[in-house]
Structures are given as C-alpha cells and as structure tokens.
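Where a number appears in this text, it was derived from the coordinates with a stated rule and is not lab data. What you are looking at is a predicted structure, and each value in this text was computed from that prediction instead of being measured. Positions of Cβ are generated from backbone atoms using ideal geometry, with glycine treated the same way; all protein chains shown enter the neighbour counts.
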Amino acid sequence: MSIALESVSKTYQLGQTTVHALRDVSLEIAQGEFVALTGPSGSGKSTLLQLMGALDQPSSGEVRVDGQPVSKLDDRELAQIRRDRIGFIFQSFNLIPVLSVFGNVELPLVLKKLPRQERQEMVHAMLKRVGLADRAHHTTEELSGGQRQRVAIARALVTEPSIVLSDEPTANLDSKTGEEILDLMRRLNQEQHVTLLFATHDHSIVAQAGRVVSILDGKIQGDKSMVNTG
Ligand SMILES: Nc1ncnc2c1ncn2[C@@H]1O[C@H](COP(=O)(O)OP(=O)(O)OP(=O)(O)O)[C@@H](O)[C@H]1O
Ligand SMILES: [Mg+2]
C-alpha cells in the first residue's frame with residue numbers, strides 16, 4: 001500500500017504559542033519500500049508517522065492512502081484501514097496494562113472478529129517469533145522495557161499489515177534482540193513486500209533501509225535511496 005503526504009503542515013497550539021511540527025512536507029512511500037526516517041528530537045518524526053498512519057489530521061495539505069484522500073474517508077473506512085492494513089508501533093508502546101501479553105497481541109484480531117481458535121494460533125506463532133512465548137500469560141507491567149517493546153511489535157505484526165509504521169522500534173532493545181527484531185522486519189519486507197517506515201536513530205536500521213529520509217524543524221532535509229546489497 002502506498003502512502004503520500006502532499007504539502008502537509010501540522011501545527012499544535014500550546015497556550016499562546018503555535019508549534020510548527022511539520023512545514024509543507026511532501027513525501028510518497030510506495031508499496032514494499034523500507035524507509036528510515038531520521039532527525040533530532042523534536043524535528044517532527046512522530047508527528048509525520050501519525051499522519052502517515054491516518055491517526056491524526058494535518059492542519060493543511062492532504063494525506064493519501066493508495067491514492068485516496070484520507071480527509072474524504074468516513075470514520076468506518078478510517079477505522080478499517082487502521083485495523084486491517086496499518087501496523088503501528090508507538091514510541092510509548094500504548095500497551096493495555098490490565099491485559100496479559102497474549103491479550104494485548106490478540107486484541108487487533110478480536111477487533112477483526114476472527115474466531116478464537118485462529119486467534120490463538122496466530123498469537124502463539126507471533127509471540128514465538130518475537131521471543132515471548134514464555135511470557136504469554138504475564139501482564140505487561142511485569143515485563144522489562146525491551147519485552148514491552150516486543151509485545152508492541154507483535155501486536156502490530158499479528159494482523160499481517162501491508163505497512164508497518166514504527167517509532168524507534170529498537171530503542172529499548174539490547175543489540176542482540178534489536179538485531180533479531182530487525183531481521184524479522186526485514187524478512188517481512190523482502191518476502192512479503194510489507195512496507196516499512198521507521199523513525200530511528202539506530203545506525204543498523206539506517207544501514208539496512210532502502211531509503212533514508214531526514215527531517216529537521218518539520219522540514220524534509222534529505223531523501224536518499226540506498227544501493228542495498230542486502
Ligand atoms: N500534542 C502535542 N502538542 C503540542 N506540541 C506537540 C505535540 N506533539 C508534538 N509537539 C511538538 O511538535 C514538535 C515535533 O514533535 P515530534 O514528537 O513529532 O518530534 P520527534 O521528532 O518525534 O521527537 P523525538 O525524537 O523526541 O521523539 C515538537 O516541538 C513537539 O514539542
Ligand atoms: Mg518521536
């Protein structure tokens with residue numbers, strides 16, 4: 001699935017001050033790309049991901065998903081796109097503390113109304129892939145930061161989305177786990193042509209991405225395609 005921002009600006013009102021989080025950003029990401037989004041803290045990375053994931057509306061400009069303007073979609077269509085096609089891994093994870101690891105990963109499948117048996121199989125397979133099979137019945141509050149991050153990753157991937165938007169996907173992981181998660185994501189990209197857009201400071205992600213977009217003060221500073229030998 002392709003996502004495009006067309007002359008998108010996003011401002012936040014903080015009391016009397018207007019924060020310009022994105023300024024006239026145009027960016028198109030095609031199906032199957034692996035894009036790293038880099039930039040210093042406060043440059044607008046999370047804001048850009050939220051708009052690309054149709055989680056928020058721009059102040060001006062248009063967001064298009066597969067060519068369709070997001071502003072023209074009704075709530076039901078938007079909810080369906082978010083649920084079925086976009087995997088979002090938030091910087092703060094947004095896990096549900098009263099649910100178990102299993103329950104958190106199962107949630108999007110419950111929303112899709114998949115039968116219980118099928119849900120269980122998918123969740124168990126996914127937890128195995130992120131190395132959390134033995135933590136399935138713990139609550140997320142009993143987990144380390146890196147384990148929580150892997151729950152968030154499992155929850156985003158379990159629905160087999162066509163695009164994965166991830167805010168610092170490896171920030172809380174030790175280097176070995178980070179490499180494993182990155183391998184998993186890269187396989188999804190290479191074998192299933194899942195589009196990846198990662199906001200990241202991680203050099204190993206930047207090195208593996210097919211394209212690196214850099215942002216500063218809400219503006220795109222650079223957009224480079226890499227020759228990737230895999
Ligand atoms: N909800 C909000 N209300 C007000 N200002 C906001 C809000 N969200 C972000 N901002 C501001 O918008 C700018 C861009 O923020 P954003 O979170 O997109 O940056 P970032 O590149 O993701 O930073 P980091 O690397 O620290 O996560 C910052 O100046 C930030 O303070
Ligand atoms: Mg951020």
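Here are some notes:
- Nonlocal amide H pairs with residue 31, under 5 Å, H built at 1.01 Å: 2
- Listed values for the stretch 5-19 are Karplus-derived 3J(HN,Hα) couplings in whole Hz (6.51 cos²θ - 1.76 cosθ + 1.60, θ = phi - 60°), namely 9, 10, 6, 8, 10, 9, 10, 10, 9, 10, x, 8, 9, 9, 9, and x replaces Gly and Pro.
- Relative contact order of the chain, defined on C-alpha pairs under 8 angstrom at six or more residues apart (%): 29 percent
- Charge dipole (the stretch 3-225, unit charges on Cβ, about Cα centre) - positive-most of 120, 133, 145: 120
- Net +/- balance of residues flanking residue 71 in space, Cβ distance below 13 Å, scoring K and R +1, D and E -1: -4
- In this structure, residue 20 and residue 118 have a Cβ-Cβ separation that, at R0 = 45 Å, corresponds to a calculated FRET efficiency of about 0.50.
- Listed residues 210, 157, 65: farthest to the positive end of the dipole of the chain (Cβ charges): 157
- Kirkwood hydrodynamic radius computed over the chain comes to 18.1 Å, based on all pairs of distinct alpha carbons.
- Working value for the stretch 1-103: equivalent-ellipsoid semi-axes of 22, 19, 15 Å, each the square root of 5 times a Cα gyration tensor eigenvalue, largest first.
- Local net charge near residue 196, Cβ-Cβ under 9 Å (Lys/Arg +1, Asp/Glu -1): 0
- Remark: relative contact order (the stretch 156-216) = 43 percent; criterion is Cα-Cα distance under 8 angstrom and separation of 6 or more residues.
- For peptides 33-41, 161-169, 132-140, sequence by mean Cβ density within 10 Å, most packed first: 161-169, 33-41, 132-140
- When each of the peptides 187-198, 111-122 is scored by how many other beta carbons lie within 10 Å of its residues on average, the order from highest to lowest is 187-198, 111-122.
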